[in-house]
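*Asks:* Right, I'll just put the structure down here and ask away after.
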Amino acid sequence: ELGVQLENLHCAACVWLIENSLQRQNGILEVCVNLAERRAQLRYDPGKLALSALLHALDQIGYRPRPISYVGDGAAHGDERRVALKRLAVAGFGMMQVMSFAAALYAGALDGIAPNLEQLLRYVSLIVATPVVLYSAQPFFVSAWRSLRAGTLGMDVPVALSIGIAYLWSVWTTLRGYGTVYFDSAVMFTFLLLVGRYVEMSLQHRAAFGHDSLHRLLPESVLRLVGARVERVT
């Protein structure tokens, strides 16, 4: 039996993907994934499946395994939070700017706007939305690609399609000079999803910390009385 900590575990769809992908592996006896603590307990037959192959299978579908340490994962959690906050900050700043440009475009569509000013607003929106889609939304595209490569449809597949189609269509209409742009929808969707992911990640870190705290209360060894003999058990 093997217990591992999993990176990039976000939702019930991730749990379903892991369990269904691993159960296809010859030698897997049981897979139990704990979403709240982002951990998995795996029972497998070492004679049929090597440990390295099992860990590689997890990594291939986008959930990098790490050994469980009850000393604490504060450094890893801190790094994860910092990266998530950077993506969230870029998405938030981009959303505020693109939404203001979109408001001007919508108002211009009703009351009239000079064509050169309208095109300028489109290009500025393109410039601001690009880092949001390429950097902030990157986890959705990476997760979607890994799901498709594993032959499954994870939750991030429709998310990546929505953001990607809205962005690419807007780029196309901007370059050709007419049509509706949806940069505001793409960046707002990215920002709201990242907010939800960050809140969820914080709750998972808190649950994992509480779980580890209970294990840290356990002594490293105990004395066991066997008849008249005392032995230390670690």
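The values are calculated or read from the model by the stated rules, or taken from the named source; none is laboratory data. Please read all numbers here as calculations on a predicted model, not as lab measurements. Ideal geometry is used to build each Cβ from the backbone, glycine not excepted, and the neighbour counts take in all protein chains shown. Surface areas here come from the heavy atoms of the whole protein model, side chains and all, with no ligands, DNA or RNA. Shrake-Rupley method; radii C 1.70, N 1.55, O 1.52, S 1.80 Å.
*Asks:* Looking at residue 36, is it under 22 Å from residue 202 (Cα atoms) and under 20 Å from the mean Cα position of the chain (by Cα)?
*Replies:* Yes: the conditions hold for residue 36.
*Asks:* Next up: Determine which single condition residue 8 fails, assuming it passes every other condition in (1) polar (S, T, N, Q); (2) over 22 Å from residue 194 (Cα atoms); (3) open to solvent by 30 Å² or more (accessible area, probe 1.4 Å).
*Replies:* (2)
*Asks:* Taking the stated definitions as given, is residue 80 modelled with pLDDT of 80 or more and among the acidic types (Asp, Glu)? Lay out the reasoning, then the answer.
*Replies:* On the way: modelled with pLDDT of 80 or more: no; among the acidic types (Asp, Glu): yes.
Here the answer is no, as residue 80 does not meet what is asked.
*Asks:* While we're on this one: Are there any pairs, at least 6 apart or on different chains, whose C-beta atoms fall under 6 Å, with the first in segment 116-134 and in contact (Cβ under 8 Å) with a residue 24 or more places away in the chain and within 15 Å of residue 169 (Cβ to Cβ) and the second polar (S, T, N, Q) and in a helix (DSSP H, G or I), and if so, which?
*Replies:* Within 6 Å, the pairs are 122/174; 126/174.
*Asks:* Let me ask something additional. Any residue that is farther than 26 Å from residue 148 by Cβ and at pLDDT 80 or above - is there at least one of those in segment 3-18? Steps first, please.
*Replies:* Taking segment 3-18 and keeping what is farther than 26 Å from residue 148 by Cβ, we get 3.
If we keep only those that are at pLDDT 80 or above too, we end up with none.
Checked against the condition, which is being farther than 26 Å from residue 148 by Cβ and at pLDDT 80 or above, segment 3-18 yields no hits at all.
*Asks:* Tally the residues that are open to solvent by less than 50 Å² (accessible area, probe 1.4 Å), under 22 Å from residue 155 (Cα atoms), touching a residue at least 24 places away in the same chain (Cβ under 8 Å) and not basic (Lys, Arg), restricting the search to segment 21-71.
*Replies:* 11
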